[in-house]
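Heads up, the thing below is written out as structure tokens.
The values are calculated or read from the model by the stated rules, or taken from the named source; none is laboratory data. For clarity, every value in this text was computed on a predicted model and none was experimentally measured. FYI the Cβ positions are ideal-geometry reconstructions off the backbone, even for glycines, and counts take in every protein chain you see.
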Amino acid sequence: MIDLLRHGLAIAAKDLRVELRSRTALVTAIAFAALVLVIFNFARDPAGARTIDLAPSILWVTITFASMLTFNRAFALEKENAALDGILLSPMPRGALFLGKYLANLAFVATVTAITLPLFVLFFNVSLGGALPGLLAVAVLAIAGFVAVGTVFSAMAVRTRFAELMLPVLLLPFLVPPIMAAVQVTSRLLAGRPLLEQAAWLKILGVYDVVFLTLSAMIFPALVDE
Amino acid sequence: MPLLAATGIERSFGSARVLRGVDIAVEPGTLQLILGPNGAGKTTLLRILAGLTRPSAGRVVLDGSSLRESPALRGRIGFLSHQSLLYDDLTPLENLEFAARLYEIAAPREAARKAIESVGLTDRMNDPVRRLSRGMVQRVAIARALIHEPSVLLLDEPFTGLDPRAAARLVELLSARLATHCGVVLVTHSPADAWSIASRVGLLVRGKWVIDEARPADLQAFMSRASGAFGD
């Protein structure tokens with residue numbers, strides 16, 4: 001278990017270092033998120049639906065698509081110079097590769113979310129007020145599960161010829177439950193309702209996290225081995 | 001008993017049969033050269049020996065245990081591929097330190113420094129790999145393959161991009177590894193560089209051994225014989 005953690009942390013640290021040097025995925029994802037929010041902000045009809053009705057969906061769709069850019073990068077960088085072979089040649093358990101990639105993706109998606117949230121408040125003039133702690137809690141629950149699924153599908157998609165095109169097609173159907181739950185909870189929190197009232201949606205997020213984290217960790221080794 | 005033995009190795013990609021029942025046995029302290037035309041199956045054989053590619057049939061055994069069934073044995077293999085296995089945005093020191101961590105080497109940074117020193121790149125160890133020349137990248141890749149002092153070395157075209165001095169240094173490194181009873185399998189199109197330290201030489205054509213024998217003294221005579229066996 002300690003070996004798994006040590007190797008996982010080594011892989012995550014390497015991914016973060018590569019990203020800090022290249023600034024490829026994170027900068028692109030953040031720029032993408034900002035652009036989507038700007039476009040939605042100017043494209044919506046102020047006389048039409050109320051901002052508060054649209055805002056939660058826009059927030060989570062933005063975070064989801066921006067995260068996909070970071071998922072794409074997770075294994076694309078291992079494809080360059082066949083670096084993945086270098087990892088697979090080592091005696092390290094395959095589960096550590098999943099753990100490392102998961103932790104790195106979690107860090108990237110958390111960063112994207114942390115930057116998207118204030119931009120969202122700015123562009124949509126939403127008052128978070130007391131909703132912020134609840135919003136952060138739902139973000140943690142939603143991200144924990146969908147990053148696990150994203151990590152698995154990015155490992156799967158990178159072996160295909162059109163990884164960037166394949167990933168959204170494979171991944172999006174699996175992201176419907178957490179996005180739907182996150183949108184519902186966010187919507188109610190922004191309307192001033194307490195988090196404790198959203199127990200049913202939070203349970204869905206919790207179950208999704210447990211099920212998909214377990215499944216992802218189980219099937220990942222078979223995916224990376226030929 | 002051979003250090004590394006593969007028996008009845010077959011591999012197909014779709015309808016193409018790349019390897020057709022290849023056997024190979026690598027004794028400790030010996031170097032086996034593998035020659036052959038493009039598409040003969042040399043790289044596929046090396047990847048199967050490294051455990052990176054699953055054979056369609058046959059078995060690879062390292063020190064009496066199956067590589068597939070004992071993943072810990074992977075730590076005893078060093079592999080140099082056509083590609084560098086390096087991250088372009090990291091420096092040679094960072095790349096090798098990461099590799100050292102994967103192999104659970106104590107003091108990984110120190111091990112990385114030593115490995116870089118062994119290929120004569122100390123002055124460039126803090127430059128990103130993307131700024132190094134082709135030959136320098138190859139030297140870092142060689143250091144990566146050797147960092148965990150493997151008991152079996154699988155090398156695919158190790159002399160590619162190396163200048164004569166670096167090639168001579170590689171032969172010295174390989175001789176030193178052979179002296180520690182390491183077994184080496186070396187795939188090449190230009191056998192002259194490693195001919196003097198080779199024990200066996202094999203010619204693979206269309207996935208089968210055409211020649212597999214103790215290394216003869218005369219390279220030129222062997223190459224004339226081999227070119228006749230290359231086929232069209």
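Can you find even one residue in segment B:105-112 that is out of contact with any Lys or Arg (no Cβ under 7 Å at 6 or more places or on another chain), over 22 Å from B:Leu186 (Cα atoms) and buried (at least 22 other Cβ atoms within 10 Å of the Cβ)?
For segment B:105-112, residues out of contact with any Lys or Arg (no Cβ under 7 Å at 6 or more places or on another chain), over 22 Å from B:Leu186 (Cα atoms) and buried (at least 22 other Cβ atoms within 10 Å of the Cβ): present.
With the requirement that a residue be surrounded by 19 or more Cβ atoms within 10 Å (Cβ to Cβ), at the interface with chain A (Cβ under 9 Å from one of its Cβ atoms), assigned to a loop (DSSP other than H, G, I, E, B) and out of contact with any His (no Cβ under 6 Å at 6 or more places or on another chain), what does segment B:82-104 give you?
B:Ser84, B:Leu85, B:Leu86, B:Tyr87, B:Asp88, B:Asp89, B:Leu90
State whether the residues of segment A:180-190 include one that is surrounded by fewer than 21 Cβ atoms within 10 Å (Cβ to Cβ), under 26 Å from A:Glu78 (Cα atoms) and either modelled with pLDDT of 90 or more or out of contact with any strand residue (DSSP E or B) (no Cβ under 9 Å at 6 or more places or on another chain) (or both). Steps first, answer last, please.
Of segment A:180-190, the ones surrounded by fewer than 21 Cβ atoms within 10 Å (Cβ to Cβ) are A:180, A:183-184, A:187-188.
Right, trim to under 26 Å from A:Glu78 (Cα atoms) and you get none.
For segment A:180-190, residues surrounded by fewer than 21 Cβ atoms within 10 Å (Cβ to Cβ), under 26 Å from A:Glu78 (Cα atoms) and either modelled with pLDDT of 90 or more or out of contact with any strand residue (DSSP E or B) (no Cβ under 9 Å at 6 or more places or on another chain) (or both): absent.
Determine the pairs where a residue that is among the small types (Gly, Ala, Ser), located within segment A:168-181, has a partner that is part of a helix (DSSP H, G or I) with Cβ atoms under 6 Å apart, the partner being 6 or more residues away or on another chain.
A:Ala181/A:Trp201; A:Ala181/A:Ile204; A:Ala181/A:Leu205
Look through segment A:173-226, keep the residues that are in a loop (DSSP other than H, G, I, E, B) and touching a helix residue (DSSP H, G or I) at 6+ places or on another chain (Cβ under 8 Å), and return whichever of them is nearest to A:Met92 (Cα to Cα).
Within segment A:173-226, the subset in a loop (DSSP other than H, G, I, E, B) is A:191-194, A:225-226.
Right, trim to touching a helix residue (DSSP H, G or I) at 6+ places or on another chain (Cβ under 8 Å) and you get A:191-192, A:194, A:225.
On the way: A:Ala191: 49, A:Gly192: 49, A:Pro194: 45, A:Asp225: 13 Å.
Per the stated criteria, the residue is A:Asp225.
Might you let me know whether segment A:34-48 holds any residue that is more than 10 Å from chain B (Cβ to nearest Cβ), closer than 23 Å to A:Leu213 by Cα, at pLDDT 90 or above and surrounded by fewer than 23 Cβ atoms within 10 Å (Cβ to Cβ)?
Taking every residue of segment A:34-48 in turn, none turns out to be more than 10 Å from chain B (Cβ to nearest Cβ), closer than 23 Å to A:Leu213 by Cα, at pLDDT 90 or above and surrounded by fewer than 23 Cβ atoms within 10 Å (Cβ to Cβ).
Has segment B:162-184 got at least one residue that is under 17 Å from B:Ala25 (Cα atoms) and in a strand (DSSP E or B)?
Yes; the residues of segment B:162-184 include at least one that is under 17 Å from B:Ala25 (Cα atoms) and in a strand (DSSP E or B).
Restricting to segment A:7-33, give me the number of residues that are in contact (Cβ under 8 Å) with a residue 60 or more places away in the chain and away from chain B (no Cβ under 14 Å).
Adding up the residues that qualify gives 3.
Check whether at least one residue in segment B:70-80 is small (Gly, Ala, Ser), surrounded by 23 or more Cβ atoms within 10 Å (Cβ to Cβ) and either part of a loop (DSSP other than H, G, I, E, B) or more than 7 Å from every other protein chain (Cβ to nearest Cβ) (or both), and report yes or no. Please lay out each step first, then the result.
In the first step, residues of segment B:70-80 are kept if they are small (Gly, Ala, Ser); the result is B:70, B:72, B:75, B:78.
Within this subset, residues satisfying the condition of being surrounded by 23 or more Cβ atoms within 10 Å (Cβ to Cβ) are B:78.
If we keep only those that are either part of a loop (DSSP other than H, G, I, E, B) or more than 7 Å from every other protein chain (Cβ to nearest Cβ) (or both) as well, we get B:78.
Checked segment B:70-80: at least one residue is small (Gly, Ala, Ser), surrounded by 23 or more Cβ atoms within 10 Å (Cβ to Cβ) and either part of a loop (DSSP other than H, G, I, E, B) or more than 7 Å from every other protein chain (Cβ to nearest Cβ) (or both).
Considering only segment A:48-140, give the helices (runs of 4 or more DSSP H) lying wholly within it that have at least 2 residues that are closer than 25 Å to A:Ala199 by Cα. Steps first, please.
Working: elements: A:51-79, A:83-88, A:94-124.
In segment A:48-140, A:51-79, A:94-124 are the helices (runs of 4 or more DSSP H) which contain 2 or more residues that are closer than 25 Å to A:Ala199 by Cα.
How many of the residues making up segment B:1-15 are in a strand (DSSP E or B), of a type in the set (Gly, Ala, Ser) and over 15 Å from B:Thr43 (Cα atoms)?
From segment B:1-15, those in a strand (DSSP E or B) are B:4-13; that's our starting set.
Add one more test, that the residue is of a type in the set (Gly, Ala, Ser), and what stays is B:5-6, B:8, B:12.
Now narrow it down to the ones that are over 15 Å from B:Thr43 (Cα atoms): B:5, B:8.
Matching residues across segment B:1-15 total 2.
Of everything in segment B:39-61, what is outside any helix (DSSP H, G or I) and within 12 Å of chain A (Cβ to nearest Cβ)? Give them in sequence order. Quick ask: steps written out before the conclusion?
To start, the set of residues in segment B:39-61 that are outside any helix (DSSP H, G or I) comprises B:39-41, B:51-61.
B:Gly51, B:Leu52, B:Thr53, B:Arg54, B:Pro55, B:Ser56, listed by residue number.
Suppose we filter segment B:9-27 for residues that are out of contact with any helix residue (DSSP H, G or I) (no Cβ under 9 Å at 6 or more places or on another chain) and closer than 17 Å to B:Val185 by Cβ; how many remain?
At the first step, the residues of segment B:9-27 found to be out of contact with any helix residue (DSSP H, G or I) (no Cβ under 9 Å at 6 or more places or on another chain) are B:10, B:12, B:14-17, B:20-21, B:23, B:25, B:27.
Keeping just the survivors that are closer than 17 Å to B:Val185 by Cβ gives B:23, B:25, B:27.
Count: 3.
Is there a residue being in a loop (DSSP other than H, G, I, E, B), touching a residue at least 12 places away in the same chain (Cβ under 8 Å) and within 15 Å of the chain's Cα centre (by Cα) anywhere in segment B:126-148?
Scanning segment B:126-148, I find at least one residue that is in a loop (DSSP other than H, G, I, E, B), touching a residue at least 12 places away in the same chain (Cβ under 8 Å) and within 15 Å of the chain's Cα centre (by Cα), so the answer is yes.
Specify the residue that is nearest to the other protein chains (Cβ to nearest Cβ); the eligible residues are those in segment B:105-119 that are part of a loop (DSSP other than H, G, I, E, B) and free of Cβ contacts under 8 Å to residues at least 40 places away in the same chain.
Residues of segment B:105-119 that are part of a loop (DSSP other than H, G, I, E, B), as a first pass: B:105-107, B:119.
So of that shortlist, the ones also free of Cβ contacts under 8 Å to residues at least 40 places away in the same chain come out as B:106-107.
Working: B:Ala106: 13, B:Ala107: 14 Å.
Once the filter is applied, the top-ranked residue is B:Ala106.
Can you work out which of the residues in segment A:1-13 that are within 25 Å of B:Arg130 (Cα to Cα) and under 19 Å from the mean Cα position of the chain (by Cα) is surrounded by the most Cβ atoms within 10 Å (Cβ to Cβ)?
Filtering first and then ranking leaves A:Ile11.
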